[in-house]
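> I have a structure I would like to understand better, so I am pasting it below and will then ask my questions one at a time.
What follows is calculated from the coordinates using simple rules that are stated; it is not laboratory data. This is a predicted model, so every value here is computed, not measured. Every residue, glycine as well, gets a Cβ built from its backbone with ideal geometry; the counts of neighbours run over all protein chains shown.
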Amino acid sequence: MVKKTAKALVLFSGGLDSRLAVKLLQEQGIKVVGIFFVLPFGGGCCNDRFCAFKFSQEQGFKLYIVDCSKGRNFQEYLAIIRKPKYPRGTGMNPCIDCRVFMLKKAKQLAKKLNADFIATGEVLGERPLSQNMKALRIVEKEAGLEGKLLRPLSAKLLPPTEAEKQGLVEREKLLDIKGRQRKKQIELAKRYRIDFPNPAGGCLLCDKAFSLRLADLFKHRKKITPRDIELLKIGRHFRVHGKIVLGRNKQENDMLEMLKGDNILIVPEKPGPSALVKDKRDVEIAKEMIAAYSKYGKGREKFDKYRIDLVAETKNKGKGERER
Ligand code: SF4
């Protein structure tokens with residue numbers, strides 16, 4: 001029997017699993033509040049705060065948005081990505097550290113809001129790196145939430161949490177979903193009549209090309225700004241004396257102009273890639289690159305030795321672990 005109206009803070013990514021976690025708790029009469037993270041490299045299912053907000057409005061719960069794409073949160077998050085305590089996935093994604101970061105923030109908010117417990121949409125075994133039994137325990141412990149973190153979708157496969165023991169949540173009504181198949185979740189979505197976004201997009205830290213660019217940035221820059229990260233998301237990246245970025249299409253050429261800052265921007269007279277050059281000693285080689293990478297240009301392989309993300313583009317097209 002549930003003793004009182006409990007209040008839960010749900011880590012809400014916008015994806016199907018966290019939507020179901022919200023519904024399962026609401027169904028028990030628990031008051032839900034959500035926390036959504038805007039991460040500089042993506043991460044939520046759609047990573048779209050408006051989509052997440054729309055769902056919260058439809059389902060009648062308040063959503064707190066933590067913006068980590070700038071300011072202090074950005075620097076704090078970046079420090080974790082730069083030097084994680086636990087192993088990375090197939091790219092630069094340190095999923096365990098990232099989850100701990102979010103849960104620590106959630107813990108602070110839960111305290112402020114007087115929430116009785118924190119819940120997530122995690123499913124045992126759904127993600128190889130961050131949702132195996134060992135990882136779930138580590139995350140809980142590191143976030144200072146041992147025995148206090150409820151995963152409603154897999155709760156019956158996990159030890160009872162304090163909220164269950166205290167009768168704030170009825171364990172019997174929680175689920176025992178396990179693994180990567182999402183059949184049960186899709187059935188539940190139908191039962192609850194809820195929409196959910198496609199799990200496309202995801203976290204750029206799992207992308208190998210992006211990860212190589214980021215590793216190079218960490219190697220060469222101590223202080224990193226949100227604009228540096230935006231620049232990593234576009235173009236071909238080379239390192240000669242400094243960095244050269246070539247646009248791959250008109251949209252990227254325009255973006256380079258926007259992100260120019262105090263760097264040198266070379267815009268070719270004939271159609272071709274623009275080049276953003278960080279070190280003036282690289283201007284001549286950047287012009288040669290522009291010619292080689294223009295529509296009918298030749299001899300690109302001569303610049304391969306400067307490419308930061310070449311391996312990823314030619315060999316590693318696979319994606320690593322992605323959270324939804
Ligand atoms: S994929 Fe990993 S690193 Fe990226 S947002 Fe998800 S938990 Fe964080």
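> Using only the alpha-carbon atoms, how far is helix 283-292 inclined from the longest principal axis of the chain? Give it as 0 to 90 degrees, nearest 10.
80 degrees
> Moving on. Please work out the Kirkwood hydrodynamic radius for the stretch 7-192, using every pair of different C-alpha atoms, and report it in angstroms with one decimal place.
Result for the stretch 7-192 stands at 16.5 Å.
> FRET efficiency for residue 258 and residue 57, Cβ-Cβ distance as r, R0 = 30 Å, nearest 0.05?
0.40
> What residues have an amide H closer than 5 Å to that of residue 38, excluding those fewer than 5 places away on the same chain, when H is modeled at 1.01 Å from N in the peptide plane?
Amide H neighbours of residue 38: 66, 67, 68.
> Can you give the charge dipole size of the stretch 207-314 about its Cα centre, rounded to the nearest 20 debye, using +1 on the beta carbon of Lys and Arg and -1 on the beta carbon of Asp and Glu?
I would put it at about 220 debye.
> Still on this structure, I have one more. Roughly how many debye, to the nearest 20, is the charge dipole of the stretch 7-192 about its Cα centre, given +1 on each Lys and Arg Cβ, -1 on each Asp and Glu Cβ, and no other charges?
Computed about the Cα centre, the dipole is about 280 debye.
> Please report how far the C-alpha centroid of the stretch 13-40 lies from that of the stretch 65-91, rounded to the nearest whole angstrom.
22 Å
> Suppose we keep just the alpha-carbon trace of the chain; what are its Rg and Dmax in angstrom?
According to the Cα coordinates of the chain, Rg and Dmax are 22.6, 75 Å.
> In vacuo Debye scattering of the stretch 207-314, one point per C-alpha: log10 I(q)/I(0) at q = 0.11 Å⁻¹?
Debye curve over Cα of the stretch 207-314, log10 I(q)/I(0) at q = 0.11 Å⁻¹: -0.30.
> May I pose another question? Going highest first, how would you order 237-243, 83-89, 143-149 by mean Cβ packing within 10 Å?
Output ranking for 237-243, 83-89, 143-149: 237-243, 143-149, 83-89.
> Tell me which of 20, 212, 192 sits at the most positive position along the dipole axis of the chain, charges placed on C-beta atoms (Lys, Arg +1; Asp, Glu -1).
212
> Moving on to the next point. Specify the inter-centroid distance of the stretch 277-303 and the stretch 149-174, based on alpha-carbon positions, in whole Å.
The two parts, judged by their Cα centres, are 59 Å apart.
> So, with +1 on the Cβ of K and R and -1 on the Cβ of D and E, and no other charges, what is the size of the charge dipole of the chain about its Cα centre, to the nearest 20 debye?
It comes to approximately 380 debye.
> Return the long-range amide H neighbours of residue 147 (sequence gap of 5 or more, or a different chain), with a cut-off of under 5 Å between placed amide H atoms.
none
> Then there is this: Can you work out ³J(HN,Hα) from phi for every residue in the stretch 232-237, in order, using Karplus 6.51 cos²θ - 1.76 cosθ + 1.60 and θ = phi - 60°, giving whole Hz and x for Gly and Pro?
Result, rounded to whole Hz: 5, 7, 10, x, 9, 10.
> Separate question: Angle, helix 133-142 long axis vs. longest principal axis of the chain, Cα atoms, 0 to 90°, nearest 10?
Computed tilt is about 90 degrees.
> Lys/Arg Cβ at +1, Asp/Glu Cβ at -1, dipole of the chain taken about the Cα centre: which of 174, 60, 129 is farthest positive-ward?
So the residue furthest toward the plus end is 129.
> I would also like to ask the following. Please find the FRET efficiency linking residue 241 to residue 298, where r is the Cβ-Cβ separation and R0 is fixed at 22 Å, and quote it to the nearest 0.05.
Step by step, r from the Cβ atoms, then E = 0.35.
> Let me ask you something else. Taking the alpha-carbon distance from residue 190 and a cut-off under 20 Å, which lysines remain once sequence neighbours fewer than 8 residues away in the same chain are dropped?
23, 54, 173, 178
> Taking 30 Å as R0, compute the FRET efficiency from the Cβ-Cβ separation of residue 283 and residue 70 and round it to 0.05.
Once the sixth-power term is evaluated, E becomes 0.45.
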